[in-house]
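The values are calculated or read from the model by the stated rules, or taken from the named source; none is laboratory data. Since the structure is predicted, the reported quantities are computational estimates derived from the model, not experimental observations. Cβ placement follows ideal geometry from the backbone for every residue including glycine, while neighbour counts extend to all protein chains displayed. Surface accessibility is based on the protein's heavy atoms, side chains included, excluding ligands, DNA and RNA. Shrake-Rupley method; radii C 1.70, N 1.55, O 1.52, S 1.80 Å.
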Amino acid sequence: MKKKILVTGGLGFIGSHTVVCLHEAGFEPIIIDNLSNSQMSAMDGIKSLIGFEPTFVNANVNDKEVLAQLIIDHKPEAIIHFAAFKAVGESVEKPLMYYENNVVGLISVLEVMKEQVISNLVFSSSCTVYGEPDQVPVLETTPTKPAQSPYGATKQMGEIILKDNAAWCKTQCLRYFNPIGAHPTAALGELPLGIPNNLIPFLTQTVAGLRNELTVFGNDYDTPDGTCIRDYIHVMDLAEAHVKAVERLVHNKQEENFEVFNIGTGNGFSVLEVIQSFEKENNINVPHKIGPRRAGDVVKVWADTTKVNEVLGWTAKRGLDEMMRDSWNWQLKLQNN
Ligand code: WQD
């Protein structure tokens, strides 16, 4: 009998890739998703890769009755909680929507877990909790800074809530850096709604002719080429990290009930370096111009991955060029559908 893993937000960008990797690792993924930031086409992609549609319930995690019934029916060994909004700019415009969805949503999941005696959770956190770090690369022990957006605040609150519930809830808290790329078959990828906030979908849509020009938000920062530096991580590497975290929980390998890991590559690349990588890898020009800085942008942040390499036994395998290739293949697939 396969161990079942409940994946909230399992049709989303990271969730859908993780569902495929869970299956390939011998688990049975169960999906709950309210399609507020995902599409049923992701289920088609999952089916094309694993040969069937996993159990799926179209519901909000705040619907505790539905969530409880799903847990009663399937008795999952662990829950991976992806379901949350993640657009920094949008969170500034709609803070209550972000607190209700990201914080109340987590509390709903925890209340049902406690009631149903499920004690294993993988939580989607973010490098956003570090704010503008005083030094890079950041360690898991690097002090967090006051959040610069309601989105960042919801991630910091989520970590506090989980630490305060560590007596009964064993958590693998994964701090993502910048997830990009797509499944190498282009069966799955990012499906941003409306005008993308993030660099890569805006870049690929520009090259595809859907956007006029990519604006580089500032080139007067204290970095080698003046543009901001990030730790971009392939979504497949990120998905594989979730499998490792689930295995650590279900095999009772955790040393503490709340464990936090930086899920990055350990390499920082600037916006201009990303553009150059994309152009070289895909032999195509990226129409771009330098524009003003974007409010709230962190200048440079990338991960120290010593702990996740040694403790979780996971290391990112895919480089920036591969991320650029898979991102473009996905955009081409979207164009052709
Ligand atoms: C990256 C760089 C921009 C768009 C995001 C999420 C955050 C977290 C990490 C999940 C910055 C520059 C961007 C554009 C640009 N994800 N840029 N022109 O802000 O690092 O954070 O990923 O937890 O929630 O918001 O990512 O892709 O928006 O920006 O120059 O049109 O690209 O200034 O330097 P960010 P991003």
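Some values worked out for this structure:
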{"read-out": "Gain in span if fully extended, Thr185 to Thr141, counting 0.36 nm per residue against the direct Cα distance", "value": "12.1 nm"}
{"read-out": "Rg over Rh [alpha-carbon atoms, Kirkwood Rh] for segment 209-303", "value": "1.11"}
{"read-out": "Chymotrypsin sites (Phe, Trp or Tyr not before Pro) lying in DSSP loop within segment 21-112, provided at most 12 other Cβ fall within 10 Å", "value": "Phe52"}
{"read-out": "Long-range tail of P(r) for segment 85-207 (Cα pairs > 19 Å, %)", "value": "57 percent"}
{"read-out": "Percent of alpha-carbon pairs separated by more than 27 Å within the chain", "value": "42 percent"}
{"read-out": "Trypsin sites (Lys or Arg not before Pro) within segment 203-282, DSSP loop, no more than 16 other Cβ atoms inside 10 Å", "value": "Lys253"}
{"read-out": "Full-stretch length increase - Val117, Val299 - with 0.36 nm per residue and alpha-carbon distance subtracted", "value": "61.2 nm"}
{"read-out": "Rg/Rg_ref, segment 25-121, where Rg_ref = 2.2 N^0.38 Å and atoms are Cα", "value": "1.15"}
{"read-out": "Computed over segment 1-45, the ratio Rg/Rh where both radii use C-alpha atoms and Rh is Kirkwood", "value": "0.97"}
{"read-out": "Dipole of the chain, positive end: most advanced residue of Gly268, Val61, Gly209 [Cβ charges, Cα centre]", "value": "Val61"}
{"read-out": "Heavy atoms of Glu53 accessible to a 1.4 Å probe, total area in Å² rounded to 10", "value": "100 Å²"}
{"read-out": "GluC sites (Glu not before Pro) restricted to DSSP loop in segment 252-331 with at most 16 other C-beta within 10 Å", "value": "Glu255, Glu256"}
{"read-out": "Stretch gain in nm, segment Glu279-Asn257, where the contour uses 0.36 nm per residue and the Cα spacing is subtracted", "value": "3.5 nm"}
{"read-out": "C-alpha long axis of helix 105-115 to longest principal axis of the chain, angle in °", "value": "20 degrees"}
{"read-out": "Euclidean distance of C-alpha centroids, segment 1-57 and segment 277-306, integer Å", "value": "30 Å"}
{"read-out": "Alpha-carbon radius of gyration plus Dmax, which is the widest Cα pair, for segment 24-71 in Å", "value": "11.8, 31"}
{"read-out": "Label-point gap, in nm, between Trp168 and Ser36 - each point 7 angstrom along Cα→Cβ", "value": "2.5 nm"}
{"read-out": "Normalised contact order of segment 252-321, rounded percent, pairs of Cα under 8 Å and 6 or more residues apart", "value": "49 percent"}
{"read-out": "The chain - percent relative contact order, Cα under 8 Å, separation 6 or more", "value": "19 percent"}
{"read-out": "Helix-only CD estimate at 222 nm, as mean residue ellipticity for the chain, using -39500 (n - 2.57) per DSSP H run (n ≥ 4)", "value": "-11000 deg cm²/dmol"}
{"read-out": "Solvent-accessible area of Ser124 with every protein chain in place, 1.4 Å probe, in Å² to the nearest 10", "value": "10 Å²"}
{"read-out": "Total charge dipole magnitude, the chain, about the Cα centre, Cβ charges on Lys, Arg, Asp, Glu only, Debye to nearest 20", "value": "240 debye"}
{"read-out": "Rotationally averaged projected area of segment 114-166 (alpha carbon convex hull; nm²)", "value": "4.4 nm²"}
{"read-out": "Accessible surface of segment 207-325, 1.4 Å probe, proportion on carbon and sulfur as whole %", "value": "44 percent"}
{"read-out": "Once the Cα gyration tensor of segment 165-214 is diagonalised, semi-axes √(5λ) in Å", "value": "33, 14, 9"}
